[in-house]
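Single-structure report; data block below.
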Amino acid sequence: MKSYRALAVLAELRSLATHDARQLSTAKDRLARAEAELAAARSGFDSASVRAEVSQRVVQGAEDLLHTATQDRGEEPGGARAAAGPAGGPTIVQEVLAFLRLRRRAARAEIVRHMKSARPDIKPASLRRELNRMVAKGTLMLVEGSVYVPAPAAGDDTQGRPPRRK
């Protein structure tokens, strides 16, 4: 009778050992896949890191050249850098003018909504100050309360007019 129990315990141990061997095999496969993914991620990171460093150096070199060129001409340096959008995109002025050229005219609230979607980092108060500066510089014209239109370009008297209704 004792050998019957010993055989049952032995069968149970074999079953557990087989189960553990399967789990070990699965864990090894999973680890191998994770290591391969990690190696690919490291390679991608290294490549992106080198590209980003080179890009930064190129940008810095271009900024230095521009700074030198603007100083040689007596222009105020840093204007393009300060007003540039994220990742060197369009400036606030360029973005507002592009928006208004498409629409021909827009209320301040429409411009603020558009700019918040195009540039989530911008604050409405900063945008209002920029709009006021654009009006003061003659880049924009304020008509009908808070409605803006692009100022007419030299020799183009249709730019600032509201669109015709048909």
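The values are calculated or read from the model by the stated rules, or taken from the named source; none is laboratory data. Please read all numbers here as calculations on a predicted model, not as lab measurements. All Cβ positions, even for glycine, are placed from backbone atoms using ideal geometry, and neighbour counts span all protein chains on display. Note: accessible area is taken over every heavy atom of the protein model, side chains too, but ligands, DNA and RNA are not part of it. Shrake-Rupley method; radii C 1.70, N 1.55, O 1.52, S 1.80 Å.
The table for this structure:
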{"read-out": "Under-5 Å amide H pairs with residue 143, H placed in peptide plane, nonlocal only", "value": "148, 149"}
{"read-out": "Per-pair calculated FRET efficiency, R0 = 41 Å: residue 25 and residue 58 via Cβ, rounded to 0.05", "value": "0.25"}
{"read-out": "Residue 123 - accessible surface, heavy atoms, 1.4 Å probe, Å² rounded to 10", "value": "130"}
{"read-out": "Region 42-49 - phi-based ³J(HN,Hα) in whole Hz, Karplus 6.51/-1.76/1.60, Gly and Pro as x", "value": "4, 4, x, 5, 4, 5, 5, 5"}
{"read-out": "Residue 24 - accessible surface, heavy atoms, 1.4 Å probe, Å² rounded to 10", "value": "100"}
